[in-house]
1. Does residue 16 qualify as being at pLDDT 95 or above and assigned to a helix (DSSP H, G or I)?
2. Which of the residues spanning the range 63-87 are part of a loop (DSSP other than H, G, I, E, B) and in contact with a helix residue (DSSP H, G or I) (Cβ under 8 Å, 6 or more places away or on another chain)?
3. Within the range 28-62, can you find the residues that are in a helix (DSSP H, G or I), within 20 Å of residue 9 (Cβ to Cβ) and in contact with a helix residue (DSSP H, G or I) (Cβ under 9 Å, 6 or more places away or on another chain)?
4. Just one of 52, 46 is in contact (Cβ under 8 Å) with a residue 12 or more places away in the chain, surrounded by 15 or more Cβ atoms within 10 Å (Cβ to Cβ) and farther than 14 Å from residue 106 by Cβ; which is it?
5. From the set of residues in the range 79-112 that are surrounded by 11 or more Cβ atoms within 10 Å (Cβ to Cβ) and over 16 Å from the mean Cα position of the chain (by Cα), which is nearest to residue 20 (Cα to Cα)?
6. Could you check the range 91-107 and list, in sequence order, the residues that are outside any strand (DSSP E or B) and closer than 15 Å to residue 51 by Cβ?
7. Kindly list the number of the only condition in (1) surrounded by fewer than 15 Cβ atoms within 10 Å (Cβ to Cβ); (2) under 21 Å from residue 2 (Cα atoms); (3) without any contact (Cβ under 8 Å) to a residue 60 or more places away in the chain that fails for residue 68.
């Protein structure tokens, strides 16, 4: 399995992650949510591995712009998944699928496998 980085190319956290990975000599494949969409099967893996509370970005602009009723409807993994599939920018970025099978969310190199 290759190192896969999921996100949006103009996201600052994604940019930092891609630079950090490159600086470490790690080659990665980038999956652009805007151009390629959110892969539902991968989202299921992320939700299982990390929990919907971690994967859903409730601090970002996309979340804040959602209707309050939509925000209030997110109470579990299924409802969070529906919002993330409809609004890719509501996913905390980057999501990295490591060759080991580990999934990480956000720019947290201190928690990334060496």
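The values are calculated or read from the model by the stated rules, or taken from the named source; none is laboratory data. For clarity, every value in this text was computed on a predicted model and none was experimentally measured. We place every Cβ from the backbone using ideal geometry, glycine too, and count neighbours over all the protein chains shown.
1. Numbers: at pLDDT 95 or above: yes; assigned to a helix (DSSP H, G or I): yes.
Taking the combined requirement at face value, the residue satisfies it.
2. Result: 66, 74, 76, 87.
3. Result: 33, 34, 43, 46, 55, 61, 62.
4. 52
5. Filtering the range 79-112 for residues that are surrounded by 11 or more Cβ atoms within 10 Å (Cβ to Cβ) and over 16 Å from the mean Cα position of the chain (by Cα), the one nearest to residue 20 (Cα to Cα) comes out as 99.
6. Matches in the range 91-107: 92, 102, 106.
7. So residue 68 meets the others, but not (2).
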